[in-house]
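Structure first, commentary second.
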Amino acid sequence: MQKNQQSPETELPIWYDGKNINEALFCQEFLREHRIIFTNRAFFTPDGRVTDDLPLRGEIYESLKSCAVNNIPKKISNILEVLKLEAQVDDLFPEPDRVHLANGTLLLDGTFLEGKPEIVRNRLPVAYNPEAPQPVRWLSFLGELLYPEDIPTLQEFIGYCLIPSNAGQRMLILKGSGGEGKSQIGAMLGSLFGSNMKDGSTGKISENRFARADLEHTLLMVDDDMRMEALRQTNYVKSIVTAQGKMDLERKGQQSYQGWMYARLLAFSNGDLQALYDRSDGFYRRQLMLTTKPKPAGRTDDPYLGEKLKAEAEGIFLWAFAGLQRLALNNFRFTESERARENREAVKRDNNNIFSFLESDGYIRLKADASISSKDLYSIYRMWCDENGLSPLKARSFSDALVSHAGKYNLEHCNNVTNSAGRRVWGFMGIEAVARPDINSFCGNSLRTYRTNGISNIPPYVCTQQKTQTLLY
């Protein structure tokens with residue numbers, strides 16, 4: 001057994017009686033010497049969230065090592081659990097009007113407050129230096145990577161990530177063919193955000209309900225190589241992009257809880273972010289899509305570019321903060337070039353071919369006083385897909401997508417449409433058939449095309465005697 005190393009003349013700490021440690025008294029004294037709180041399942045200090053408790057354990061060990069106690073590692077773990085109770089506060093609210101930096105706090109209006117007098121949720125490792133030189137290498141790199149009209153969008157988005165806010169309600173996707181140097185942006189952001197940034201996967205967020213909790217308390221998640229598979233579900237991704245307060249979070253083996261979520265999503269990819277089932281405007285509206293310039297033939301890449309960009313961190317911060325100020329003055333509406341808007345529309349059309357169908361010739365016609373049943377319209381759509389070598393959406397997805405975009409094409413979804421049998425069914429007002437497919441109940445055949453030339457009804461007795469007969473109207 002260990003012997004007490006304290007001499008008789010040595011005054012013992014109030015929390016130690018020579019044999020045992022009073023953990024509650026130890027924590028009270030520890031908190032008098034250290035500014036730390038516990039809330040939202042994490043410790044926070046003036047330097048931000050404690051992401052690794054090893055330094056904290058080290059400080060506790062320094063206080064305990066002169067005492068004769070057995071099993072110090074277990075004792076430290078017990079003290080940490082008591083410390084959570086002793087340092088517990090109700091909440092620590094995000095502060096979206098300021099950026100906490102290594103040497104102080106910068107308000108959105110440009111006012112700088114030196115020092116670190118308060119406990120904060122996030123503090124960036126970069127210092128505020130208003131005299132920092134312009135980040136020449138960074139700006140040159142962006143000029144080679146992006147089209148000039150898209151650089152303000154990136155500037156505003158990086159600035160947007162400096163504060164704990166989802167007011168912009170957008171994620172950013174940077175798309176290229178590969179080899180342009182997109183990943184250098186992620187490396188630079190690591191030096192700017194430090195532990196307030198995480199590498200992650202957009203696909204994992206969409207598939208795994210526990211993945212959101214991993215982003216709690218962080219400012220930015222970077223997906224350095226976004227997977228090309230379409231997302232089977234989009235609700236988790238959309239909820240992170242638009243979260244305006246606390247969100248229901250889950251961790252394995254634990255009861256779900258309400259936690260602050262303000263992590264912004266930035267993805268680098270060789271393709272587009274698409275959804276397998278979600279055809280809504282909301283999914284695409286939440287995306288800022290920038291495309292890179294093609295890599296110049298014969299360009300020699302600089303292997304030390306990442307280190308050179310990190311050396312400009314203070315100047316890059318000023319550049320990003322200017323983007324944040326511009327974004328805030330514009331009520332968090334991002335500067336978006338015509339190219340970026342066209343990128344989004346192109347992706348939306350690629351993932352939802354009903355737009356091309358509605359704007360096609362020879363199949364349907366938009367006409368204010370016309371109508372068509374949902375069933376007949378879907379049959380014509382399948383015929384159009386078959387003749388154009390495209391995969392049709394499922395009937396429910398087709399109908400939902402058409403209803404959500406009915407206003408754009410002056411259509412009305414109602415249950416007051418009369419079908420060819422004279423029955424009232426669900427359908428659309430404002431559209432008529434130009435091409436009409438064969439109906440299985442008439443001929444019992446697979447889908448075949450019949451041109452109606454304006455005739456809207458196929459007689460029910462057609463094909464009753466010769467099922468393989470081809471009819472032209």
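Data overview
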read-out	value
Any chance residue 262 is touching a Pro at 6+ places or on another chain (Cβ under 8 Å) and under 23 Å from residue 186 (Cβ atoms)	yes
Residue in region 178-187 that is under 12 Å from the mean Cα position of the chain (by Cα), modelled with pLDDT under 95 and either surrounded by fewer than 16 Cβ atoms within 10 Å (Cβ to Cβ) or in a loop (DSSP other than H, G, I, E, B) (or both) present	no
Matching residues in region 106-165 - criterion: being surrounded by 21 or more Cβ atoms within 10 Å (Cβ to Cβ), more than 28 Å from residue 259 (Cα to Cα) and of a type in the set (Asp, Glu)	150
Checklist (1) at pLDDT 95 or above; (2) in a helix (DSSP H, G or I) applied to residue 129, failing item	(2)
Strands (runs of 3 or more DSSP E) completely within region 370-473 that count 1 or more residues being open to solvent by less than 30 Å² (accessible area, probe 1.4 Å) and modelled with pLDDT of 90 or more	412-418, 424-433
Check on residue 70, among the polar types (S, T, N, Q), touching a residue at least 12 places away in the same chain (Cβ under 8 Å), over 30 Å from residue 246 (Cα atoms) and surrounded by fewer than 18 Cβ atoms within 10 Å (Cβ to Cβ)	yes
Matching entry among 149, 216, 207, 156 (being touching a residue at least 40 places away in the same chain (Cβ under 8 Å) and over 17 Å from residue 320 (Cα atoms))	216
Which listed residue is over 13 Å from the mean Cα position of the chain (by Cα) and either surrounded by fewer than 21 Cβ atoms within 10 Å (Cβ to Cβ) or at pLDDT below 90 (or both), from 290, 305	305
Qualifying residue in region 80-97 (condition: exposed (fewer than 14 other Cβ atoms within 10 Å of the Cβ), out of contact with any Gly (no Cβ under 8 Å at 6 or more places or on another chain), aromatic (Phe, Trp, Tyr) and within 30 Å of residue 196 (Cα to Cα))	yes
Of all residues making up region 189-209, the number that are more than 30 Å from residue 128 (Cβ to Cβ), part of a helix (DSSP H, G or I) and open to solvent by 50 Å² or more (accessible area, probe 1.4 Å)	2
Region 48-62, subset closer than 22 Å to residue 23 by Cα and outside any helix (DSSP H, G or I), residue most open to solvent (accessible area, probe 1.4 Å)	52
Residue check for residue 175: touching a residue at least 24 places away in the same chain (Cβ under 8 Å), crowded, with 17+ Cβ neighbours inside 10 Å and within 22 Å of residue 93 (Cα to Cα)	no
Residue 325 in a loop (DSSP other than H, G, I, E, B) and in contact (Cβ under 8 Å) with a residue 24 or more places away in the chain	no
Region 210-246, residues that are open to solvent by 20 Å² or more (accessible area, probe 1.4 Å), over 23 Å from residue 271 (Cβ atoms) and within 14 Å of the chain's Cα centre (by Cα)	212, 214, 239, 242, 244
Any hit, region 64-75, residues being at negative phi, at pLDDT below 95 and among the polar types (S, T, N, Q)	yes
Residues that are surrounded by 15 or more Cβ atoms within 10 Å (Cβ to Cβ) and either among the acidic types (Asp, Glu) or in a loop (DSSP other than H, G, I, E, B) (or both), drawn from region 328-352	332, 334, 335, 336, 337, 352
Which numbered condition residue 46 misses (of (1) closer than 30 Å to residue 127 by Cα; (2) out of contact with any Asp or Glu (no Cβ under 8 Å at 6 or more places or on another chain); (3) not charged (D, E, K, R))	(2)
Filter result for residue 406 (touching a strand residue (DSSP E or B) at 6+ places or on another chain (Cβ under 7 Å) and without any contact (Cβ under 8 Å) to a residue 40 or more places away in the chain)	yes
Every pair of residues 6+ apart whose Cβ atoms lie under 7 Å, when the first sits in region 182-198 and is on the phi < 0 side of the Ramachandran plot and polar (S, T, N, Q) while the second is open to solvent by 20 Å² or more (accessible area, probe 1.4 Å) and in a helix (DSSP H, G or I)	191/310
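Residue-by-condition table, conditions (1) modelled with pLDDT of 95 or more; (2) on the phi < 0 side of the Ramachandran plot; (3) surrounded by fewer than 17 Cβ atoms within 10 Å (Cβ to Cβ):
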site	(1), (2), (3)
2	no, yes, yes
8	no, yes, yes
15	no, yes, no
20	no, yes, yes
23	no, yes, no
33	no, yes, yes
36	yes, yes, no
41	no, no, yes
44	yes, yes, no
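The values are calculated or read from the model by the stated rules, or taken from the named source; none is laboratory data. This structure is a prediction, so every number in the text was calculated from the model and none was measured. Ideal geometry is used to build each Cβ from the backbone, glycine not excepted, and the neighbour counts take in all protein chains shown. These area figures cover heavy atoms from the full protein model, side chains too; ligands, DNA and RNA do not enter into them. Shrake-Rupley method; radii C 1.70, N 1.55, O 1.52, S 1.80 Å.
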